[in-house]
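These notes concern the structure reproduced below.
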Amino acid sequence: MIKMVAMVKKKKEMSKEDFVRYWLEVHAPLEKKWPGLKKYVISTTTGAPGGGEPEYDGLAELWFDDENALNMALASNERQISREDFLKFVESAKIILTQEHIIHDEIKK
């Protein structure tokens, strides 16, 4: 399993509330259409440790079976549509590819 993680900063002219609403209600439905996408999680910031302004306004995690599946998704028309929409509400983003190593998990199903 491979995960693409995007740390995003909202457009300066958007309020935090408008940013979160747009991401969840408009953008997420577009992005979850990516072929091969296994799991999609959006986390929005609630603050920074010790107070202050967080460096990013949110984090997106997109899971794929492997890099091949991710590359197919990145080359898809669905990704192109969501990429164009992404630029409407995101000022900047840092994107990395990761492989999870779960050390502890107390979450019960």
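At a glance:
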item: Single residue of the range 21-45 satisfying the filter (among the β-branched types (Val, Ile, Thr) and more than 12 Å from the chain's Cα centre (by Cα)) that is most open to solvent (accessible area, probe 1.4 Å); result: VAL26
item: Residues of the range 33-81 satisfying the condition of being at positive phi and out of contact with any strand residue (DSSP E or B) (no Cβ under 6 Å at 6 or more places or on another chain); result: GLY47, GLY50, GLY51, GLY52
item: Those residues of the range 58-109 which are among the aliphatic types (A, V, I, L, M), open to solvent by less than 50 Å² (accessible area, probe 1.4 Å) and assigned to a helix (DSSP H, G or I), in sequence order; result: ALA69, LEU70, ALA73
item: Complete set of residues in the range 2-17 that are in contact (Cβ under 8 Å) with a residue 24 or more places away in the chain, more than 13 Å from the chain's Cα centre (by Cα) and open to solvent by 50 Å² or more (accessible area, probe 1.4 Å); result: LYS12, LYS16
item: Any hit, the range 7-19, residues being acidic (Asp, Glu), more than 18 Å from ARG83 (Cβ to Cβ) and part of a loop (DSSP other than H, G, I, E, B); result: yes
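The values are calculated or read from the model by the stated rules, or taken from the named source; none is laboratory data. Remember, predicted model here, so these are calculated numbers, not experimental data. No Cβ is skipped: glycine too gets one built from the backbone with ideal geometry, and neighbour counts run over all protein chains shown. The area values use the complete protein model at the heavy-atom level, side chains included, leaving out ligands, DNA and RNA. Shrake-Rupley method; radii C 1.70, N 1.55, O 1.52, S 1.80 Å.
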